[in-house]
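J.: The following block contains the structure, expressed as structure tokens.
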Amino acid sequence: MKKGIIRFIIFLMFFSVLRGVGLSEDAAEPKTSPIEPEAMSILMNMAQNLSTLKKVKVKIINGYDAVQESGQKIEFGSMRVVKYKRPNMCRFDVTERNGDKKGFVFDGSNITVFNDEEKVYATAPKPGTCDGAIDYFKKELQMPLPLSQLFNSKLPEMLEELITEATVVEEPIWGKDPISHIAFRTEEVDVQVWVNTKKNLPKRVVISYKNAPEHPQYWAYFKEWDFSPRLKDSEFNYEPPKGYEKIVFSPVKIMEMKEEKKNVEK
């Protein structure tokens, strides 16, 4: 069983049922691998496709549990529009269910995050690629950006390192294209992903944080994939509206709601 250290959200993995060890008349048979080749092949095809897209725009509808002090789970959610112009331009625009808008923008030189409700924004210099900027944003600045690792150029390698179990659950009927329901497990999260095997794209993801209190979940539904969007460079150059205040990076003020209610998105 191959184990790795989990370092990202968001993004993905779910449970798989370990195969029992059958006994022959003479001796116990060797254990089978908890990673099914078919499941891994489907995942790798999806990961390879996502990691090599030059331009992409996709809408993501998501929801996540916020565990209260009483132990009760309350679901919050948002709609995200992700835009990528590899290798060094990317943008995540988030609209919460209550209408609040916020986002992450990278232009190849600077990271900018903004919160329209509070009319604030913050910037940090980080020349390079989207991969490097997002890693810096999450690790050094300690800011959440759910599902961003799905668009990392090293996604196939990351999955190979992290996955400890994988299985094909079923092939449900969901629209015209063939779908495979895959279940994964890593050291920290269990993930289910429904893969469109004709287009090698995720259709739905459910992540269970098995080591967190009350095991909160995060789910996402992907829709409106566009692989030839008309993306202008100006879309990745953030210009603050008049009256907005520039502040230092603060997870509470910029990207997510109060930590005590929203910490499951990290």
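J.: Run the quick spin-label model on S234 and V169: label points 7 Å from Cα toward the beta carbon, then report their separation in nm to one decimal.
T.: Result for the modelled spin labels: 4.5 nm.
J.: Give me a comma-separated list of calculated 3J(HN,Hα) values for segment 96-104, in order, Karplus coefficients 6.51, -1.76, 1.60 applied at θ = phi - 60°, integers in Hz, x for any Gly or Pro.
T.: 6, 4, 8, x, 5, 10, 7, x, 10
J.: Round to a whole number: what % of the accessible area of segment 60-102 belongs to carbon and sulfur, probe 1.4 Å? Let's see the in-between values first.
T.: Details: 910 of 1860 Å².
So the carbon and sulfur contribution to the accessible surface is 49 percent.
J.: Sticking with this structure for a sec: Report the far tail of the P(r) of segment 92-207, meaning the percent of Cα-Cα pairs longer than 17 Å. Before the final figure, lay out the partial values.
T.: Values: 4392 of 6670 pairs.
Tail of the P(r) past 17 Å holds 66 percent of the pairs.
J.: Sticking with this one: In the structure displayed, which of K102/K232; K54/K138; K101/K242; K101/K246 lie more than 25 Å apart, Cα to Cα?
T.: Details: K102/K232 20 Å; K54/K138 23 Å; K101/K242 16 Å; K101/K246 17 Å.
Violating the 25 Å Cα-Cα cut-off are zero pairs.
J.: Oh, and also: Please list the non-local residues whose amide H lies under 5 Å from the amide H of E117, H modeled 1.01 Å from N, same-chain partners needing a gap of 5 or more.
T.: Correct list: K101.
J.: Could I ask something else about it? Roll a 1.4 angstrom probe over the protein heavy atoms and tell me the percent of accessible area of segment 128-259 that is carbon or sulfur. It would help to have the intermediate numbers written out before the result.
T.: Values: 3150 of 6630 Å².
That fraction is 48 percent.
J.: Now a separate question. Shape verdict for segment 145-257, please, from the Cα gyration tensor: rounded (a/c under 1.5), prolate (a/b greater than b/c) or oblate. Walk me through the numbers on the way to the answer.
T.: On the way: a/c = 2.31, a/b = 1.43, b/c = 1.61.
Oblate.
J.: Lys and Arg at +1, Asp and Glu at -1: add these up for the other residues within a Cβ distance under 12 Å of Y221 and post the number.
T.: Numbers: positive: K59, R80, K203, R204, K223; negative: E224.
For residues surrounding Y221, the net value is +4.
J.: With every protein chain left in place and a probe of 1.4 Å, what is the accessible surface of D226, to the nearest 10 Å²?
T.: The accessible area of D226 comes to roughly 60 Å².
J.: Order of 106-116, 70-80, 135-145 by packing, highest average Cβ count within 10 Å first? Display every interim value, and only then the final one.
T.: On the way: 106-116: 20.1, 70-80: 13.5, 135-145: 17.1.
Highest to lowest by the protection proxy: 106-116, 135-145, 70-80.
The values are calculated or read from the model by the stated rules, or taken from the named source; none is laboratory data. Since the structure is predicted, the reported quantities are computational estimates derived from the model, not experimental observations. Please note: Cβ atoms are built from the backbone with ideal geometry, for glycine as well, and neighbour counts cover all protein chains shown. Protein only, heavy atoms only, side chains kept; ligands, DNA and RNA dropped before computing areas. Shrake-Rupley method; radii C 1.70, N 1.55, O 1.52, S 1.80 Å.
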